[in-house]
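Structure, as structure tokens:
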Amino acid sequence: MKVSSRYMLFSGLAAAACILSLVGCGSKKVTAQSLLKKAEAKESENVSMDIESDMTLSLEDESMNFHYTRQIEEKSTVQTDGTNMYAQISMGNIEELDGDTQYVTQNTKMYIVPNGAVERVYISVDSSGWMFYEQEHEEASYYSLPEIYQGGVEWTLAENTEDIDGETAYVLTAQIPVSNEMLQGSLTDFSDAMMDVIRSVDLGTMRVDAKIWISAKADGGLLRAEYDWNDSFGAERFIGTDLQGFSATLKEVYSNISYGDVKIEVPEDVISGAEVADLVEDYDISISEDGEEAQTEEGQAQESLADGGQAQEPLAEAGQAQGNQAEAGQAQEGQAEGAQAQN
């Protein structure tokens, strides 16, 4: 069949337009929303990731010449099969009270197994044997970052891609409004009383600077996420509250995110050998190296403040690494040494 030169010219121009077009013929334009939708679809799959957080807590009272800081560095590896979860957590804690500094480390392993409305937590701290306790089951995934996919957040797609662990990734940035769910998920080191005060301040002005990397593959998901809470816990927010003089900074990094065939099963020896944990919930207790119960410097500091008429009760448990999990570890060590931990 003879093809006219006019048709050939039209076809050539159309092909050139396809090549030069940012959208491209037959392809779909990549947008922040299309990338987020693609990444959210991967959330239902089995996943493994590393989580790092760096938190600094400060308490100042110039009238008493009191200065206290606590830095908590935490590194975790988390795996989930969509139901059960396994985690290895390494925590370093540096405390400074009026120039006196101490450093404490803690290594924790845990399994979390949901069962209806509750979940059983198996925990081992510093290889001192396994214990378990039960708590209310949270329906949300332990590893997911739902705030990334919530509506009302304006994400900006960077012009250039970046390489993440050998994989091409699109880069998105946004300022995410802080919600109660984000507070609960990120501030596991804070006591319930302290959380009540934090939630009482104006969350509407709190923002987290977020930067995420999403795979350029058609079926690729989230590869990395970084959060910086900036001045969300600045001292000015707590003026006139029970946390007056308190401030905190927090940065979080989620990396080495991979999706695949993960199956979490609690080993039989863990199930059969685990003892019931006696959680220490109402006062600040640490276990010294010789196994004796001892009140931490932070707890002593809070007593001093209370004696001075300062309303600092919510800080009695501030910065206790791993929340209930660490408390379970403290009780576990106490039982291992014969100490009786009271509720």
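The values are calculated or read from the model by the stated rules, or taken from the named source; none is laboratory data. Quick caveat: nothing in here was measured; it's all calculated off a predicted structure. When we count neighbours, we look across all protein chains shown, and the Cβ atoms used for this are built from the backbone with ideal geometry, even at glycine.
Below is a table of values for the structure above.
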{"item": "Count - residues of the stretch 37-53 that are surrounded by 18 or more Cβ atoms within 10 Å (Cβ to Cβ), part of a strand (DSSP E or B) and either at pLDDT 90 or above or at positive phi (or both)", "result": "3"}
{"item": "Residue selected from the stretch 67-77 under the condition within 28 Å of Asp261 (Cα to Cα) and out of contact with any Ser or Thr (no Cβ under 6 Å at 6 or more places or on another chain), by the criterion surrounded by the most Cβ atoms within 10 Å (Cβ to Cβ)", "result": "Ser76"}
{"item": "Selected residue (only one of Thr56, Thr105, Thr101, Thr80 is buried (at least 19 other Cβ atoms within 10 Å of the Cβ), of a type in the set (S, T, N, Q) and on the phi < 0 side of the Ramachandran plot)", "result": "Thr80"}
{"item": "Which numbered condition Ala218 fails, given (1) outside any loop (DSSP other than H, G, I, E, B); (2) of a type outside the set (Lys, Arg); (3) at pLDDT 90 or above", "result": "(1)"}
{"item": "Residue within the stretch 120-129 that is among the hydroxyl-bearing types (Ser, Thr, Tyr) and under 19 Å from the mean Cα position of the chain (by Cα) present", "result": "no"}
{"item": "Search result, residues across the stretch 158-189 that are of a type in the set (A, V, I, L, M, F, W, C), over 28 Å from Ser58 (Cβ atoms) and crowded, with 17+ Cβ neighbours inside 10 Å", "result": "Ile164, Ala169, Val171, Leu172"}
{"item": "Long-range neighbours under 8 Å by Cβ, at least six apart or interchain, first residue not in a strand (DSSP E or B) within the stretch 57-74, second not polar (S, T, N, Q)", "result": "Met64/Leu305; Met64/Gly308; Asn65/Asp98"}
{"item": "Criterion: at pLDDT 90 or above and surrounded by 19 or more Cβ atoms within 10 Å (Cβ to Cβ) - qualifying residue of Ala277, Ala225", "result": "Ala225"}
{"item": "Test for Lys263: is it among the basic types (Lys, Arg) and either modelled with pLDDT of 90 or more or in contact with a His (Cβ under 8 Å, 6 or more places away or on another chain) (or both)", "result": "no"}
{"item": "Pairs where the first residue, in the stretch 100-112, is more than 14 Å from Thr77 (Cα to Cα) and the second is polar (S, T, N, Q) and in a strand (DSSP E or B), C-beta under 6 Å, 6+ apart", "result": "Val104/Asn93"}
{"item": "Every residue from the stretch 190-207 that is surrounded by 15 or more Cβ atoms within 10 Å (Cβ to Cβ) and out of contact with any helix residue (DSSP H, G or I) (no Cβ under 6 Å at 6 or more places or on another chain)", "result": "Phe190, Met195, Ile198, Leu203, Met206, Arg207"}
{"item": "Conditions (1) polar (S, T, N, Q); (2) part of a strand (DSSP E or B); (3) modelled with pLDDT under 90; number of the one not met by Thr83", "result": "(2)"}
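Conditions tested, residue by residue: (1) over 19 Å from Asp81 (Cα atoms); (2) surrounded by 16 or more Cβ atoms within 10 Å (Cβ to Cβ).
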residue: Gly221; (1), (2): no, yes
residue: Phe233; (1), (2): yes, yes
residue: Arg237; (1), (2): yes, yes
residue: Thr241; (1), (2): yes, no
residue: Ser255; (1), (2): no, no
residue: Lys263; (1), (2): no, no
